[in-house]
Amino acid sequence: MEPQDTIEVFHGCVIQHGSYNDRIYLIKLASELSGTSPSALIQLAKERGYSKIFAKIPDCYAKMFFDAGFQLEARIPAFYSGAADALFLGFYLTEERAVEANPLQLEEFLKLALQKKTEQQSQQLEQGLVLRSCGPSDATALAQLYQQVFQSYPFPIHDPNYILETMQSHVDYFGIESHGQLIAASSAEMDLQASSVEMTDFATLPERRGHGFAQLLLAEMEGAMRLKGVVTAYTIARALSPGMNITFSKAGYYFGGRLKNNTNISGHIESMNVWHKALW
């Protein structure tokens, strides 16, 4: 995998940026927000030659971003502590980044996922497999699994040190094991201050797909997050992946919107679908 983008504090905000995703991702606003934040992000994007700014913000700050030219792409109700909505905004610095090459196909995949919403899930863990939470001793195995599954990824999950660091701070990892080998994995990236969690990093070895492992991992993570009192779960799934979108739709998640040409994953920049669910 190629070098990843940088995560740093910028004007008090937490951002990820770099040429890998060719964007700035505003992950978390500063606690004391100044009115210049949108313009400062735009200036940084212009200086670095990025083609998109992707921002996640509480809806009470929407006006200043809309006034600066940001567009609403997705919304998650009650994201922050079960109260304020989260808005996912896009700002495009090139026309090419703002235009999807395959919008009709993405709409068909979404329609298929939404049609599956009423289907019952009946997946069970196969005999001989173990579904469990992962610890520090699993970091290398997790990284190796992600290396085999993803040609590219927006965060450096191919690096055991990154997995260890996130595991010790705010991410719970889960895996399915067969005869001592991890064959599938996922993670729950928590923001306990906001009482929300991103269900992410789903990966299954190519030769072990088709057994509903993502459904089983998702159900396990939801149970673990409920025990921690987390209120809202969400995911940002590849819009080009019918399977993952169907998994979340069948699990009772609601579609929140699509992030156009947003993320470098599986070898190129793709659009992503936002799904959300209240855990209480």
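The values are calculated or read from the model by the stated rules, or taken from the named source; none is laboratory data. Predicted model, so just to flag it, every value in this text is computed and none were measured. Here the Cβ is made from the backbone with ideal geometry for all residues, glycine too, and neighbour counts use every protein chain on show.
Inside segment 166-180, residues that are free of Cβ contacts under 8 Å to residues at least 12 places away in the same chain and within 12 Å of A141 (Cα to Cα) make up a count of 1. Which of the residues that make up segment 49-87 are more than 21 Å from E198 (Cβ to Cβ) and among the hydroxyl-bearing types (S, T, Y)? Hits for segment 49-87 are Y50, S51.
Restricting attention to segment 71-98, the residues that are within 17 Å of M272 (Cα to Cα) and over 21 Å from the mean Cα position of the chain (by Cα) total 1.
Restricting to segment 196-228, name every residue that is at positive phi and at pLDDT 95 or above.
To start, the set of residues in segment 196-228 that are at positive phi comprises 201, 210, 212.
The one that is at positive phi and at pLDDT 95 or above: D201.
Has segment 66-85 got any residue that is without any contact (Cβ under 8 Å) to a residue 60 or more places away in the chain and hydroxyl-bearing (S, T, Y)? The answer is no, given that none of the residues of segment 66-85 is without any contact (Cβ under 8 Å) to a residue 60 or more places away in the chain and hydroxyl-bearing (S, T, Y).
Within segment 119-138, being in a loop (DSSP other than H, G, I, E, B) and either acidic (D, E) or modelled with pLDDT of 95 or more (or both) holds for E119, E126, C134, G135. Selection of segment 99-158 for residues being over 24 Å from Q16 (Cβ atoms), β-branched (V, I, T) and touching a residue at least 40 places away in the same chain (Cβ under 8 Å) yields only V130.
If the condition is being touching a helix residue (DSSP H, G or I) at 6+ places or on another chain (Cβ under 8 Å) and not basic (K, R), then segment 242-256 contributes P242, G243, M244, N245, I246, T247, F248, S249, A251, F255. Looking across S81, S133, one residue alone is surrounded by 13 or more Cβ atoms within 10 Å (Cβ to Cβ), more than 25 Å from P154 (Cβ to Cβ) and not aliphatic (A, V, I, L, M). It is S81. For the condition under 25 Å from Y253 (Cα atoms), hydroxyl-bearing (S, T, Y) and crowded, with 16+ Cβ neighbours inside 10 Å, Y92 does not qualify. M190 meets all of the listed conditions (1) without any contact (Cβ under 8 Å) to a residue 40 or more places away in the chain; (2) under 16 Å from the mean Cα position of the chain (by Cα) but one, namely (1). One residue alone among L72, L112 is modelled with pLDDT of 95 or more, in contact with a Gly (Cβ under 8 Å, 6 or more places away or on another chain) and either surrounded by fewer than 17 Cβ atoms within 10 Å (Cβ to Cβ) or of a type in the set (S, T, Y) (or both), and that residue is L72.
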